[in-house]
1. Please arrange Trp188, Trp67, Trp199, Trp158 by accessible surface area, largest first, computed with a 1.4 Å probe and ligands excluded.
2. Using a probe of 1.4 angstrom, how much of the accessible area of the chain is carbon and sulfur, in percent?
3. Roughly what would the spin-label model give for Ala120 and Glu319, points 7 Å off Cα along C-beta, in nm?
4. What figure, in Å² to the nearest 10, do you get for the accessible area of Phe350 with a 1.4 Å probe and non-protein molecules left out?
5. Leaving out ligands and nucleic acids, note down the accessible area per residue over the chain with a 1.4 angstrom probe, in whole Å².
6. Say we join alpha carbon atoms closer than 10 Å with springs in a Gaussian network model of the chain; which of Ala107, Ala333, Ala19 then has the biggest fluctuation?
7. If you put +1 on each Lys and Arg Cβ and -1 on each Asp and Glu Cβ, how big is the dipole of the chain around its Cα centre, in Debye rounded to 20?
8. Which whole-Hz couplings ³J(HN,Hα) result when phi for each residue of the stretch 114-128 is put into the Karplus expression 6.51 cos²θ - 1.76 cosθ + 1.60, θ = phi - 60°, listed in order with x for Gly and Pro?
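The values are calculated or read from the model by the stated rules, or taken from the named source; none is laboratory data. Keep in mind the model is a prediction, meaning the values are calculated, not measured. Positions of Cβ are generated from backbone atoms using ideal geometry, with glycine treated the same way; all protein chains shown enter the neighbour counts. The accessibility values were calculated without ligands, DNA or RNA, using every heavy atom of the protein model including side chains. Shrake-Rupley method; radii C 1.70, N 1.55, O 1.52, S 1.80 Å.
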Amino acid sequence: MDLLIVGSGFFGLTIAERAASAGRKVTVIDRRTHIGGNAYSENEPETGIEVHRYGAHLFHTSNPAVWQYVNRFTTFTDYVHRVYTNHKGVVYPLPINLGTINQFFAAAYSPEQARALIQAQAGEFDAKDAANLEEKGIALIGRPLYEAFIRDYTAKQWQTDPKNLPAEVISRLPVRYTYDNRYFNDTWEGLPTDGYTAWIERMADHPNIDVKLDTDFFDETQPLHKTATVGQLPIVYTGPIDRYFDDAEGALSWRTLDFEEEVVPVGDFQGTPVMNYADADVPYTRIHEFRHFHPERADRYPSDKSVIMREYSRFATREDEPYYPVNTAEDRAGLLAYRELAKGERDVLFGGRLGTYQYLDMHMAIGSALSMWNNQLADQTGS
Ligand code: FDA
């Protein structure tokens, strides 16, 4: 074996695929029972509808190298992501745009009129002096829109009143003064035609790649554990950076999500893939309806059943899946200390969203793995 990779998410698999194609023998271990990390999906058994197991995953990128690379393993549908939100029983388009504004104020403002209105409403606070998330939100979009669409949704995401959240949690709240409600602005967007798992399996399908599932790097009863391997061969580690160092600098904090899946006896539950729930009286943040991610599969999916998933957000404990870095000042200090420790680890590179403690979209995880391969691994002896 020339390289050990801990974690079979997009970061680990991209390194594995590049290394294998360059002639190296690679072993990928993952503690889960499947490859693909959080992008993993599977067909719900009763309906055959593809469900993204760890939350909805929409692929989008403006990076030509990443787009070219991913197209080696899958084609993409022409899916374009749009999100709606339910506020007090009325549905509005997101991100906040001229359609949202005119519906909310029951008006027909021109772009210029809407801009002037929001600017006047936003004058209540100055964004640079905002003492907390609430003041920052109001400074960015004004109180009426903030209270309707941001305040309670944010409180549900963080289980914290936005008055008690730091202003830095939001840097901007995009408002579009057109009716464009395309969620992403990237050059390329779509979903893998035959699903995420088919894409992921093609990346791992190489005679030089050996995948071992149900294998935890910290489990000393399995042969490829940390103490047996570090210093013996190059390692790319994509698990949590604090866990690698036994929380020596404190545990970094994460938010997690709980998903409640249900097969409902209707062919179409909500008419769209994602419906946010903006208000405090609904405990979940959003409902996904998976059939709508693939309208082109309508003839394969049942017409009398659908799969929905309610999403709840909360702070993660050690036992939960870490999803979004909380990134408090304490976390940032801890991360800097872990980065220093990481520099001292011979032949171990830290990558991916857990290994670097940052939220990465799939295209960013793949892009940063390609950079790591090109800059730090490709020229090592053994290729
Ligand atoms: P990832 O977490 O996928 O993989 C890490 C792997 O390491 C896991 O399989 C884990 O089991 C394994 N591992 C950890 N510790 C280990 C140990 N001790 N031993 C062995 N294995 C270990 N992106 C996007 O572009 N569009 C989107 O719509 C979304 N949506 C989205 C929703 C939610 C809820 C989340 C949390 C994330 C997204 N993402 C996303 C981001 C996407 O999931 C992310 O870019 C990739 O998961 C990053 O891949 P990594 O390989 O870095 O991590």
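1. On the way: Trp188 70, Trp67 50, Trp199 0, Trp158 25 Å².
Most to least solvent-accessible, the answer reads Trp188, Trp67, Trp158, Trp199.
2. On the way: 8450 of 17500 Å².
The value for the chain is 48 percent carbon and sulfur by accessible area.
3. Roughly 5.5 nm, to one decimal.
4. Estimated to the nearest 10 Å², Phe350 gives 30 Å².
5. Values: 17500 Å² over 383 residues.
On a per-residue basis, the chain sits at 46 Å².
6. Ala107
7. Values: 37 positive and 55 negative charges, 162 e Å.
So the magnitude is around 780 debye.
8. 5, 4, 5, 4, 5, 4, 5, 5, 6, x, 4, 9, 9, 3, 6
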